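Okay, structure first, notes after.
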Amino acid sequence: MKDSLRQSMALFHTWSGLLLGWLLFAMFATGTAAYFQDEITRWMQPEVTGSADPEASAQGAVRYLNKVAPDAISWYITLPNGRSATTQVYWQPGDGTRGKRGETSAVLDQAGRAITVRETSGGFFLYRFHFDLHYMPVLWARYLVGIAAMFMLTAILSGIVTHKKIFADFFMLRFGKGQRSWLDAHNVTAVIALPFHLMITFTGLVTLASMYMPWGIAANYASPSVFQEQVFGREPAAERSGRAQPLVDLAPLMRAASAGWGGKQVGYISVTNPGDATARVLFTRSPGAAIAARGETAAFAGATGKDLAAHTASGAALATESVMIGLHTGRFAQWGLRWLYFLSGIGGTVMVGSGLVLWTVKRRARLPDPARPHFGFRLVERLNIAAIPGLATGIAVYFLANRLLPADLAQRPDREIDSLFLAWLAVGLWGMVRPAGRAWTETLALAGACFAAVPVVNALTTSRGFAASITNGDWLFIAFDLVMIALAACFLHAAGKVAQHRAKKAAAPLRRTSRKAVSQ
Amino acid sequence: MAARLLAAIPANYLLTSLATATLARLLWRGLGVDPANASVAAMLASFVMFSVLALVAFGVRSALKLWLWMIGSGAVLGAGLWLSLTSGGRL
C-alpha cells in the first residue's frame, strides 16, 4: 500500500509538474528578479542618482499635481523609500475618463519635476509579469497564474511524499552522472529551500485569494464592496463642494501620521478632491516598515489638516492574511534577508528548470529509437529550450535595450518590453529549427553572452561602469554587474557542459565498435 | 484515470467552494467571529483543503469510494449552507 501510494504520487508529481512547469519557471524567474525591482529600476535610470527625502518628495509631488491635474478626482502618490529615489504619481482625471497609461501618471524627482529621460518600466515590469503576464487580459493572466500556483502547491506536496530519503538527500549532489545529477539538482534545490517553496507558493495564492476562492466572502456578503469597505475602509468619495481651498502642507501631517505608528514612515498618499474644501488625505504606512502588507492608515482633512478618525480592520484572520502577503512580497526585508529571498528564488527557478529537464533526460533512455523521438518528447524538449535559455536571453536583452535604445524614443518603456519578448521568441524559434542537442548549447551560450554583454554595454553607454562604480562605492551598480557576470558564467558553463556531453555521446558508439574489433 | 482527474480538479473545486462558504457561515453565525474575519479564515483554509483533496484523489485505491465520499460530503455541506442562508441573510 505504501509503495503504491508513492507511485501514484510520483506519477501525479511528474505530470502536474510538467503541465504548468514552463509558466512556473517564468513566474519564479521574474518573481525572483522582482525582489530587487526598485534596484533594477534604479539601474535602468542611471541618470537618477542620490536619494530622495520622502517629505520633500511629497511636497514636490503636490506641486506637480497642482499644475497638471488640479481638478482630478483623486491623486495617488508612491513616495521614495530607502531603496528608490523617485516618486510615482497617478491621478484619476476630473472628467471621469480613464486616461491612457502614461497620460495620467508620471515619475518625479524630489523637487516634483517629471523625469522624462530614458523612460522605462524598470523592475516594475518584471514584478507585474510575475502575476499579470503580458499581451493578454490581466484577469485571464491572474487565473492562469493561480492555476499554476495551485499545481505548484500540489506538486510540492506530492514531491514530499514521493521523496524517500528526504534528509539523506539533503547533502547529496553527484556531478557528471547524467540523470542522477539532474535528479540530485532537482532534489537539493527543492529540499534545501523547501520551507521557502511551500511558503512562497501558499502565500502567492493568498495574494489573489479573493479572486480564486471568492465563496467565503460571498457566503457572508451579498456584495463584495461591503466587504471591501469593512476591511479597507474605502469610503465613497464625497462630492466636490465647488469651494476651492488649497491643500495644507503635507509634511507636518506626515510627521503626525508617522508618530501615530510608532515612527514608521509613510509610504503612500492618496488625496481625494484635491483643491476643494472636501479634500481628504489618506496616508498609508510604508511597506518596508513592517511585515504585514496591509499597512496602517491615517486620514486628515485636506483643507484644514484636521485629524479624521481612520478606519483600521483587525482580527486574527485578516492579520494572518496581511502577514502572508507581506511574507510573499518581502517588501519589509532588509539587505541580508532580501538576498536570502533572492537566492531562495533562484533555488526555486533551478528546481522548476531541472525538473523540466529531468522529464526529458529520464525518458530519453527509454525511447524506442533515441535518434527519432516521438512528437510529445520533441515538444517538451523544444519548449524547455524556449522556456529556460529563451527567457534568460529575453531578460538580458531587456537590460541591453534599456541602454541601447535612443533615450528619447517614443513609447520607450513599451519598446524595451517588446525587445524582451522578441528575443524570447527568437530563441524559441531557433530551438524549433535546430537539432535539439545543438540548440541547447547554442541558446545557453547566447543567454550567457547576453548577460556578459550587460556590464560591458553599461560601461560603454553610461558613466556608471564597473570601474567608476568601484571608485564611487556605488554598491547597487557593483552588485548588478556582479550578478550579470555570475549569470553569464552559469549559462556559459552549462553550454560547455552540454557540448562536452554531446561530444562524449558521439564518441561512445565509436569506442564500442573499436573494442569489438579488438576482441575479434 | 479520467474519474480521478474529474474528482481532483472540477469536483474538488466545487466541494472546496462549498466547504469554504459553509465554514465562513459557521464561523460568523455559529461561533460569533466577525464576518470579515470569518470569510478570510475560510478563504485561507480553502487552499489547504483543495491541495490535500487533489492528492487524496490520486492517492486512494478506489475511485468509486472517493466519488461516493465527495458526493456525500458535498450534499451535507450544501444542505448546511442552504439552511444557514435561509435562516439569516447576508450583509
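Here are the numbers:
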| quantity | calculated |
| --- | --- |
| Where a residue in segment A:1-30 is closer than 18 Å to A:Asn187 by Cβ and its partner, wherever it lies, is surrounded by fewer than 16 Cβ atoms within 10 Å (Cβ to Cβ), with Cβ under 8 Å and at least six apart | A:Arg6/A:Lys164 |
| Residues (within 15 Å of the chain's Cα centre (by Cα) and open to solvent by less than 10 Å² (accessible area, probe 1.4 Å)) located in segment B:22-37 | B:Ala24, B:Arg25 |
| Residue in segment A:225-233 that is among the β-branched types (Val, Ile, Thr), within 28 Å of A:Pro70 (Cα to Cα), at pLDDT below 95 and surrounded by 20 or more Cβ atoms within 10 Å (Cβ to Cβ) present | no |
| Residue list for segment A:464-474, restricted to those being open to solvent by 70 Å² or more (accessible area, probe 1.4 Å) and out of contact with any helix residue (DSSP H, G or I) (no Cβ under 6 Å at 6 or more places or on another chain) | A:Ala467, A:Ile470, A:Thr471, A:Asn472 |
| Residue within segment A:149-164 that is within 11 Å of chain B (Cβ to nearest Cβ), out of contact with any Phe, Trp or Tyr (no Cβ under 8 Å at 6 or more places or on another chain) and modelled with pLDDT of 95 or more present | yes |
| In segment B:61-91, residue farthest from the other protein chains (Cβ to nearest Cβ) [restricted to those that are among the polar types (S, T, N, Q) and surrounded by 11 or more Cβ atoms within 10 Å (Cβ to Cβ)] | B:Ser73 |
| Some residue of segment A:233-246 being within 14 Å of chain B (Cβ to nearest Cβ) and in contact (Cβ under 8 Å) with a residue 24 or more places away in the chain | yes |
| Qualifying residue in segment A:61-78 (condition: buried (at least 23 other Cβ atoms within 10 Å of the Cβ) and within 30 Å of B:Ala57 (Cα to Cα)) | no |
| A:Ser210 vs. criteria open to solvent by 50 Å² or more (accessible area, probe 1.4 Å), out of contact with any strand residue (DSSP E or B) (no Cβ under 9 Å at 6 or more places or on another chain) and not assigned by TED's automatic domain parsing to the domain that holds A:Ile77 | yes |
| Residue selected from segment B:39-60 under the condition open to solvent by 10 Å² or more (accessible area, probe 1.4 Å) and more than 7 Å from every other protein chain (Cβ to nearest Cβ), by the criterion nearest to the chain's Cα centre (by Cα) | B:Met49 |
| Options A:Arg403, A:Arg434, A:Arg378: the member that is touching a residue at least 12 places away in the same chain (Cβ under 8 Å) and within 30 Å of A:Gln500 (Cα to Cα) | A:Arg378 |
| Residues being surrounded by fewer than 18 Cβ atoms within 10 Å (Cβ to Cβ) and within 15 Å of A:Glu47 (Cα to Cα) - total across segment A:475-487 | 1 |
| Which numbered condition B:Ala21 misses (of (1) modelled with pLDDT under 95; (2) facing chain A (nearest Cβ under 10 Å); (3) touching a Phe, Trp or Tyr at 6+ places or on another chain (Cβ under 9 Å)) | (1) |
| Near pairs, Cβ below 8 angstrom, 6+ apart or cross-chain, from segment A:215-226 (at the interface with chain B (Cβ under 7 Å from one of its Cβ atoms)) to any residue that is among the aromatic types (Phe, Trp, Tyr) and open to solvent by 30 Å² or more (accessible area, probe 1.4 Å) | A:Asn220/B:Trp28 |
| Residue match in segment A:452-466 (condition: closer than 30 Å to A:Phe377 by Cα and within 23 Å of the chain's Cα centre (by Cα)) | no |
| Out of A:Cys490, A:Cys450, sole residue that is of a type in the set (A, V, I, L, M, F, W, C) and open to solvent by 50 Å² or more (accessible area, probe 1.4 Å) | A:Cys490 |
| For A:Met254: the one exception among (1) closer than 23 Å to A:Arg83 by Cα; (2) touching a Lys or Arg at 6+ places or on another chain (Cβ under 9 Å); (3) crowded, with 18+ Cβ neighbours inside 10 Å | (2) |
| Strands (runs of 3 or more DSSP E) contained entirely in segment A:213-306, each with at least 2 residues that are basic (Lys, Arg) | A:280-285 |
| Wholly within segment A:41-148, strands (runs of 3 or more DSSP E) carrying at least 2 residues that are polar (S, T, N, Q) | A:74-78, A:87-92 |
| Some residue of segment A:372-379 being on the phi < 0 side of the Ramachandran plot and open to solvent by less than 10 Å² (accessible area, probe 1.4 Å) | yes |
| One residue from A:Leu379, A:Leu358, A:Leu405, A:Leu340 being among the hydrophobic types (A, V, I, L, M, F, W, C) and within 20 Å of the chain's Cα centre (by Cα) | A:Leu340 |
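Residue-wise test of (1) open to solvent by 50 Å² or more (accessible area, probe 1.4 Å); (2) of a type outside the set (D, E, K, R); (3) more than 14 Å from chain B (Cβ to nearest Cβ).
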site: A:Asp276; (1), (2), (3): no, no, yes
site: A:Ala290; (1), (2), (3): no, yes, yes
site: A:Ala301; (1), (2), (3): no, yes, yes
site: A:Thr304; (1), (2), (3): yes, yes, yes
site: A:Asp307; (1), (2), (3): yes, no, yes
site: A:Met324; (1), (2), (3): no, yes, no
site: A:His328; (1), (2), (3): no, yes, no
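The values are calculated or read from the model by the stated rules, or taken from the named source; none is laboratory data. Note that this is a predicted model, so its numbers are computed, not measured. Every residue, glycine as well, gets a Cβ built from its backbone with ideal geometry; the counts of neighbours run over all protein chains shown. Note: accessible area is taken over every heavy atom of the protein model, side chains too, but ligands, DNA and RNA are not part of it. Shrake-Rupley method; radii C 1.70, N 1.55, O 1.52, S 1.80 Å.
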